[in-house]
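What follows is a single structure, written as structure tokens, with notes after it.
The values are calculated or read from the model by the stated rules, or taken from the named source; none is laboratory data. Everything numeric here is computed off the predicted structure, so don't read it as measured data. Cβ coordinates were reconstructed from backbone atoms using ideal geometry, including for glycine residues, and neighbour counts include every protein chain displayed. Keep in mind that these areas ignore ligands, DNA and RNA; they rest on the heavy atoms of the full protein, side chains included. Shrake-Rupley method; radii C 1.70, N 1.55, O 1.52, S 1.80 Å.
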Amino acid sequence: MRTPRHIDALDQGIIEALQENGRESFRAIASRLGVSEATIRARYAKLADDDLLQVVAVTNPLALGFDAMAMVAVRTSGSPETVADEIATWPEATYVLVTAGQYDLLVELVCDDRRELLDVTNRMRALGGVV
């Protein structure tokens, strides 16, 4: 682990602009923040190189033809890692998170239809260690 890097107001402004619109041009961000486009380009490259920033495409599963989505909270009888590792291999599980608190896992599911969603949640219930 390396020491966290401090970000200044300009870095924060770039991050906030890209959180609002990941496709906003460096020129528009520069204009908004009162610096040159070259400065924004260099700062963006440094933020990305330091693994502080990543711009990714997020799809809308419903627009892609999937008809059922769910966030499922799971309790386990023991350590949640084994259950999390298994569920993470399923194609319907788009996000698996080990948590602290009332539930041990949060699982985001994206399914073709409600029937498939029911089948996947039943498969989840049948896993050893799932309460």
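Taking into account only those residues within the range 36-46 that are surrounded by fewer than 16 Cβ atoms within 10 Å (Cβ to Cβ) and in contact with a helix residue (DSSP H, G or I) (Cβ under 7 Å, 6 or more places away or on another chain), which is nearest to residue 58 (Cα to Cα)? Restricting to residues being surrounded by fewer than 16 Cβ atoms within 10 Å (Cβ to Cβ) and in contact with a helix residue (DSSP H, G or I) (Cβ under 7 Å, 6 or more places away or on another chain), the top hit is 41. Only one entry of 116, 92 meets the criterion of being open to solvent by less than 70 Å² (accessible area, probe 1.4 Å) and closer than 27 Å to residue 22 by Cβ, and that entry is 92.
In the range 21-127, which helices (runs of 4 or more DSSP H) lie fully inside it and hold 3 or more residues that are more than 30 Å from residue 9 (Cα to Cα), at pLDDT 95 or above and not β-branched (Val, Ile, Thr)?
81-88, 114-125
Summed over the range 87-102, residues that are more than 19 Å from the chain's Cα centre (by Cα) and touching a residue at least 12 places away in the same chain (Cβ under 8 Å) total 1.
Checking each residue in the range 1-31 for being open to solvent by 60 Å² or more (accessible area, probe 1.4 Å), among the charged types (D, E, K, R) and closer than 25 Å to residue 58 by Cα picks out 16, 20, 23, 27.
Could you check how many residues of the range 103-113 are in contact (Cβ under 8 Å) with a residue 40 or more places away in the chain and either open to solvent by less than 70 Å² (accessible area, probe 1.4 Å) or polar (S, T, N, Q) (or both)? Break it down stepwise before answering.
Our first condition is that a residue be in contact (Cβ under 8 Å) with a residue 40 or more places away in the chain; within the range 103-113, this holds for 109-113.
Going one step further and asking which of them are either open to solvent by less than 70 Å² (accessible area, probe 1.4 Å) or polar (S, T, N, Q) (or both), we end up with 109-111, 113.
Within the range 103-113, residues that are in contact (Cβ under 8 Å) with a residue 40 or more places away in the chain and either open to solvent by less than 70 Å² (accessible area, probe 1.4 Å) or polar (S, T, N, Q) (or both) number 4.
Contact annotation: residue pairs with Cβ atoms under 6 Å, 6 or more positions apart or on different chains, pairing a residue in the range 40-65 that is in contact (Cβ under 8 Å) with a residue 12 or more places away in the chain with a partner that is assigned to a loop (DSSP other than H, G, I, E, B), are 47/53; 50/5; 55/22.
Just checking, how many residues over the range 47-87 are within 18 Å of residue 123 (Cβ to Cβ) and open to solvent by less than 60 Å² (accessible area, probe 1.4 Å)? Even if it seems obvious, please write down each step before you answer.
Of the range 47-87, the ones within 18 Å of residue 123 (Cβ to Cβ) are 66, 68-77, 80, 82-87.
Of the ones still in play, those that are also open to solvent by less than 60 Å² (accessible area, probe 1.4 Å) are 68, 70, 72-74, 76, 80, 83-84, 87.
Residues that pass the stated criteria total 10.
Every test in (1) within 30 Å of residue 109 (Cα to Cα); (2) touching a helix residue (DSSP H, G or I) at 6+ places or on another chain (Cβ under 9 Å); (3) not charged (D, E, K, R) is passed by residue 73 save one, and that test is (2).
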